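The values are calculated or read from the model by the stated rules, or taken from the named source; none is laboratory data. These numbers were taken from a predicted model, which means no experiment stands behind them. With ideal geometry, Cβ positions are generated from the backbone for all residues, glycine too; neighbour counts draw on all protein chains shown. Protein only, heavy atoms only, side chains kept; ligands, DNA and RNA dropped before computing areas. Shrake-Rupley method; radii C 1.70, N 1.55, O 1.52, S 1.80 Å.
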Amino acid sequence: MTGTRARSAAVPPPRPRHTAPASAQQRPPGPASHPITTESGLRYVFLKHGSGPQPRPGDVMVSHGIGRYPDGREFWNTRTEGRPYEYRPRVDRVIRGFEEGMRYVREGDRVLIVMKPDLAYGERGNRDIPPNATLIFDYEILSIRQRPQLGPAEVDELARLLLLEDRRTLDDTALARLLRSTHPEVKRRAVLAVARIADPRGRALLAPVRADLDTAIAATVAWATGQLRDSAAVSWLAATLTSPETPRTVAREAAGALGKIRTPEAQAALAAYLATAPGTRAASATVGEALLAIGRFPARVDLAPVLRWTTSPDSTVRWRAAWALFRPRNPAATPHLLRLADDSAGEVRSWAVRGLTPALVDTAGIDREQTAGVLRAALADPDRRVRTEALRALSLYDDEASFQAVLKAMDDPDSWISVSAVEGLGRFTARADVVVPRLTAIAAQPQPSALRTTAIQSLRRLGVADSLIPNAPPRLARPAAQAGAAPGAAVSGTAPPAVQASARPPAVPGPPERPLADYRVLVERWVVPAYNYEPRPRASWETERGSIELELFAGEAPLAMEEFVRLVESGAIVGTEFGRVVPDFVAQMRTINGAALLRDEVNRYGLTRANLSWASNGLDTGRAGYTLGSTPQPHNEGDFTALGRVVRGIDVVDRLQLGDHITGVRMAGR
């Protein structure tokens with residue numbers, strides 16, 4: 001996770017990592033070589049052999065590179081730009097051919113690599129590279145900066161940090177010393193510990209580390225500053241965000257931190273950046289984070305800095321702009337959301353239609369019938385996220401055509417649609433004479449189902465007495481929920497008392513004290529392998545809808561990982577019900593029997609689609625009732641722990657329904 005802060009030239013934009021062929025050819029002997037073709041079709045030839053070390057995962061390879069087309073035209077040249085390119089194997093995401101080619105080199109080599117289109121940018125190309133382009137790269141490996149290993153002394157230091165995190169103890173002396181460590185991972189995790197201990201006095205400890213040249217440390221300092229809500233650091237974060245010398249990962253975390261601090265000055269800094277940031281692919285990740293950050297402010301401000309990004313050619317930037325317009329519920333954004341409801345990307349449309357509610361439409365002076373018509377048309381959208389969100393918004397309208405559209409959606413075979421429709425009908429109080437019989441018929445179904453449970457909830461919302469509702473269970477307290485549910489999101493189902501979560505007490509007791517040796521075991525089991533870029537541990541969950549495979553961020557959340565493994569290996573998780581399933585938001589388990597109180601280990605992975613987390617009523621208040629995200633949750637960033645992600649079976653997650661269960665589990669890997 002360490003890197004360098006030296007500013008490097010931009011290699012053509014990255015693609016997701018792929019694995020080089022298992023039988024990759026060996027580097028040939030001699031001062032030069034004949035061309036070699038690998039199983040993937042990559043061709044390379046050594047122009048010069050060096051005698052330096054080969055790179056290990058996480059090492060920094062410093063090279064000069066020239067990119068050409070087969071006709072000799074150059075599209076990239078670090079020598080002309082005057083800055084070498086830096087790359088970390090197994091860490092940085094690059095095009096497939098580059099990743100494979102760099103596996104064959106050592107310090108001092110010069111190699112010519114020919115990448116056919118499927119190893120480069122493929123059929124789509126990118127902003128600078130045309131589709132189906134064969135690319136030729138000439139690389140000279142100038143140096144390899146080797147990453148320091150974690151020895152026994154460093155493991156002891158990391159164990160001490162984990163102990164302080166777990167006990168939420170701000171030991172100024174110990175932390176200040178560890179923040180001066182010469183080992184980059186010890187220093188990075190000391191910054192992480194200061195953020196997780198969440199004591200405002202820790203802000204002063206971070207200030208001296210802001211200028212660290214290691215990008216992983218500098219980015220973590222920016223992130224931690226946001227976690228500590230340090231309003232005094234806004235000017236530094238703003239300068240970090242806007243400086244052209246700031247590495248992209250650091251700038252991105254600076255943007256996110258400003259969104260957590262949420263002072264007028266932080267908002268102004270984000271607006272200023274968005275108004276002037278370049279519309280390049282290199283800036284897109286930082287721009288996207290800044291859009292999510294500015295969307296977290298409730299105040300209504302000038303929309304211009306956000307609006308300029310609604311026409312970006314990058315659909316990821318556009319959906320984040322749509323989210324930034326939707327989230328503050330600013331009526332002035334409504335006309336722009338109406339336009340974005342016709343965007344070419346489904347994710348953009350799904351966020352746009354959420355903002356077309358009657359209250360905002362009326363305040364914006366837009367004809368209700370126009371927006372209702374747009375929403376009704378969106379019920380036929382090919383993207384189920386758009387259909388779901390359009391239906392939720394439409395259930396707030398009271399015209400006859402919209403009401404009939406919601407009624408019709410009750411019979412949709414897609415559970416996201418039918419459940420959302422049944423939930424939405426609970427808002428039509430003026431039409432109870434039509435709605436109540438329909439909902440009562442669903443509640444009377446003999447077999448438990450998500451639709452039946454939701455119908456019972458809607459009948460209660462309409463004021464129907466439980467004695468008149470078929471199959472109505474006793475009213476019980478709602479389980480702990482992932483905060484900030486989507487507007488109109490369905491509440492959880494009712495559970496038997498034995499598994500129903502209770503309200504959390506205002507004072508949360510800490511975990512029982514453990515000896516330092518226990519934390520050392522956790523560091524050696526989870527943190528050291530993660531630092532060495534060993535494959536992450538995985539787990540497989542079986543449900544009535546199919547299998548879900550999880551990759552776990554064990555190195556960043558070792559305490560939570562320990563509890564996860566215990567619950568899986570003991571089988572305690574088997575039989576746990578998904579007691580809260582909100583279409584296009586989250587599938588959440590009920591609290592697992594015997595689950596311990598968890599320490600949150602919030603980290604930089606973020607709450608993305610396919611994220612694995614757990615429910616709580618605030619930091620350090622949750623027990624393992626795991627949640628699987630169907631959609632990104634920018635409004636929850638910084639408040640929940642990312643424990644892992646779904647790597648196979650996200651379609652199964654999207655099919656989960658209220659009342660489904662975990663039917664089998666197993667750990668894989670470490």
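When each of Gly125, Gly108, Gly72 is tested for being farther than 30 Å from Asp518 by Cβ, touching an Asp or Glu at 6+ places or on another chain (Cβ under 9 Å) and part of a loop (DSSP other than H, G, I, E, B), the lone residue that passes is Gly108. Within segment 390-415, track down each residue that is open to solvent by 10 Å² or more (accessible area, probe 1.4 Å), within 26 Å of the chain's Cα centre (by Cα) and closer than 18 Å to Ala352 by Cβ. Once the filter is applied, which keeps residues that are open to solvent by 10 Å² or more (accessible area, probe 1.4 Å), within 26 Å of the chain's Cα centre (by Cα) and closer than 18 Å to Ala352 by Cβ, segment 390-415 yields only Arg392.
Looking only at segment 267-287, count every residue that is part of a helix (DSSP H, G or I), open to solvent by less than 50 Å² (accessible area, probe 1.4 Å) and among the hydrophobic types (A, V, I, L, M, F, W, C) and tell me the total. Reasoning before the result, please.
Taking segment 267-287 first, the residues part of a helix (DSSP H, G or I) are 267-276, 284-287.
Those still in the list that are open to solvent by less than 50 Å² (accessible area, probe 1.4 Å) too: 267, 269-271, 273-274, 284, 286-287.
Those still in the list that are among the hydrophobic types (A, V, I, L, M, F, W, C) too: 269-271, 274, 287.
Qualifying residue count for the region: 5.
From the list Asn603, Asn617, Asn611, the lone residue that is among the polar types (S, T, N, Q) and closer than 29 Å to Arg349 by Cα is Asn611. Quick one: which of Arg387, Arg376 is outside any loop (DSSP other than H, G, I, E, B), at pLDDT 95 or above and within 29 Å of the chain's Cα centre (by Cα)? That would be Arg387, the only listed residue that is outside any loop (DSSP other than H, G, I, E, B), at pLDDT 95 or above and within 29 Å of the chain's Cα centre (by Cα). Looking across segment 118-129, the residues that are over 20 Å from Tyr104 (Cα atoms) and surrounded by fewer than 20 Cβ atoms within 10 Å (Cβ to Cβ) come down to Gly122, Glu123, Arg124, Gly125, Asn126, Arg127, Asp128.
Identify, by number, the condition in (1) over 22 Å from Leu619 (Cα atoms); (2) without any contact (Cβ under 8 Å) to a residue 60 or more places away in the chain; (3) surrounded by fewer than 23 Cβ atoms within 10 Å (Cβ to Cβ) that Thr263 doesn't meet. Thr263 satisfies all of (1) over 22 Å from Leu619 (Cα atoms); (2) without any contact (Cβ under 8 Å) to a residue 60 or more places away in the chain; (3) surrounded by fewer than 23 Cβ atoms within 10 Å (Cβ to Cβ) except (1). The residues of segment 89-117 that are open to solvent by 40 Å² or more (accessible area, probe 1.4 Å) and on the phi > 0 side of the Ramachandran plot amount to a single one, Arg90. Among the conditions (1) among the hydrophobic types (A, V, I, L, M, F, W, C); (2) assigned to a helix (DSSP H, G or I); (3) open to solvent by 10 Å² or more (accessible area, probe 1.4 Å); (4) in contact with a Lys or Arg (Cβ under 9 Å, 6 or more places away or on another chain), the only one that Leu170 does not satisfy is (2). The selection criterion, being polar (S, T, N, Q) and surrounded by fewer than 21 Cβ atoms within 10 Å (Cβ to Cβ), does not hold for Thr591. Only a single criterion out of (1) touching a Pro at 6+ places or on another chain (Cβ under 9 Å); (2) assigned to a helix (DSSP H, G or I); (3) of a type outside the set (Phe, Trp, Tyr); (4) open to solvent by 30 Å² or more (accessible area, probe 1.4 Å) is not satisfied by Gln445, namely (2).
When the residues of segment 557-587 are filtered to those that are out of contact with any Leu (no Cβ under 8 Å at 6 or more places or on another chain) and outside any loop (DSSP other than H, G, I, E, B), the one that is nearest to Lys260 (Cα to Cα) is Val582.
Here is the figure for segment 112-122: residues that are in a strand (DSSP E or B) and out of contact with any helix residue (DSSP H, G or I) (no Cβ under 7 Å at 6 or more places or on another chain) total 2. Test Leu338 against the criterion of being assigned to a helix (DSSP H, G or I), at pLDDT 95 or above and surrounded by 24 or more Cβ atoms within 10 Å (Cβ to Cβ), and give yes or no. Against the criterion (assigned to a helix (DSSP H, G or I), at pLDDT 95 or above and surrounded by 24 or more Cβ atoms within 10 Å (Cβ to Cβ)), Leu338 does not qualify. Just checking, how many residues over segment 150-183 are over 20 Å from Ala517 (Cβ atoms), under 29 Å from the mean Cα position of the chain (by Cα) and among the hydrophobic types (A, V, I, L, M, F, W, C)? Residues that pass the stated criteria total 3.
Just name the residue that is farthest from Ala341 (Cα to Cα) out of those in segment 375-406 that are hydrophobic (A, V, I, L, M, F, W, C) and out of contact with any helix residue (DSSP H, G or I) (no Cβ under 7 Å at 6 or more places or on another chain). Per the criteria, the residue is Ala380.
I'd like to know if segment 498-515 contains one or more residues that are exposed (fewer than 12 other Cβ atoms within 10 Å of the Cβ) and at pLDDT 95 or above. Taking every residue of segment 498-515 in turn, at least one turns out to be exposed (fewer than 12 other Cβ atoms within 10 Å of the Cβ) and at pLDDT 95 or above.
Here are the criteria: (1) open to solvent by less than 50 Å² (accessible area, probe 1.4 Å); (2) without any contact (Cβ under 8 Å) to a residue 40 or more places away in the chain. Tell me which single one Ser63 does not satisfy. For Ser63, the failing item is (2).
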